[in-house]
Amino acid sequence: MVRVVVGLNRPGQSNDLTVGEAAARLAQSGLQVSPSQIRKLERQGLMLCTVRTHGNYRILTEDDVDRLRIIHGLRALGQSLPEIKKALRFLDRQNKGDRSEPVQRAMKELEQAADAQITRLQELKASLRRRQ
């Protein structure tokens, strides 16, 4: 279901962002995600842009921007599209208060994968520094 809003509040007044503004926000933190990539993620079912203006512009929130960061991070971990979808389903369940064992285990596995990647990157950084 798509909800239509009358106007678009500008950043600073609200957390509402257009797709272009969300892409710019991600670029500020070093993530290169284009507006067309965000629209593609929506078509793939990874993003749920349910709010639109009367002009049919997608409206994203800070939670949506966080979700884009998570998707980007899972891709960096080498996760496939089905794996990312599964992880997001678990994350959505957790955000709705589901604290069941399968959800907790899935979140723990993702956290461990991220920690392992961080360790590998820190080792790479140390190796590069030794070569200077």
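Here, each number is a calculation from the coordinates, and none is a lab measurement. This is a predicted model, so every value here is computed, not measured. So basically every Cβ, Gly included, is an ideal-geometry build from the backbone, and we count neighbours across all protein chains shown.
Numbers for the structure displayed
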read-out: So Gln132, is it in a loop (DSSP other than H, G, I, E, B) and either over 25 Å from Gln37 (Cβ atoms) or of a type in the set (Phe, Trp, Tyr) (or both); value: yes
read-out: Among (1) surrounded by 15 or more Cβ atoms within 10 Å (Cβ to Cβ); (2) closer than 16 Å to Leu31 by Cα - the single one Ala76 does not satisfy; value: (1)
read-out: Extreme residue, nearest to Gln32 (Cα to Cα), among residues of the range 50-71 that are of a type outside the set (Asp, Glu) and buried (at least 18 other Cβ atoms within 10 Å of the Cβ); value: Leu68
read-out: Selection from the range 39-61 of residues that are out of contact with any strand residue (DSSP E or B) (no Cβ under 7 Å at 6 or more places or on another chain) and outside any loop (DSSP other than H, G, I, E, B); value: Arg39, Lys40, Leu41, Glu42, Arg43
read-out: Residue in the range 107-125 that is surrounded by 11 or more Cβ atoms within 10 Å (Cβ to Cβ), of a type in the set (D, E, K, R) and either without any contact (Cβ under 8 Å) to a residue 60 or more places away in the chain or under 15 Å from Met47 (Cα atoms) (or both) present; value: yes
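Listed here are the residues, each with its yes/no results for (1) in contact with a Leu (Cβ under 9 Å, 6 or more places away or on another chain); (2) among the acidic types (Asp, Glu); (3) free of Cβ contacts under 8 Å to residues at least 24 places away in the same chain.
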residue: Thr18; (1), (2), (3): yes, no, no
residue: Ala23; (1), (2), (3): yes, no, yes
residue: Gln28; (1), (2), (3): no, no, yes
residue: Arg43; (1), (2), (3): no, no, yes
residue: Thr53; (1), (2), (3): yes, no, no
residue: Tyr57; (1), (2), (3): yes, no, no
residue: Thr61; (1), (2), (3): yes, no, no
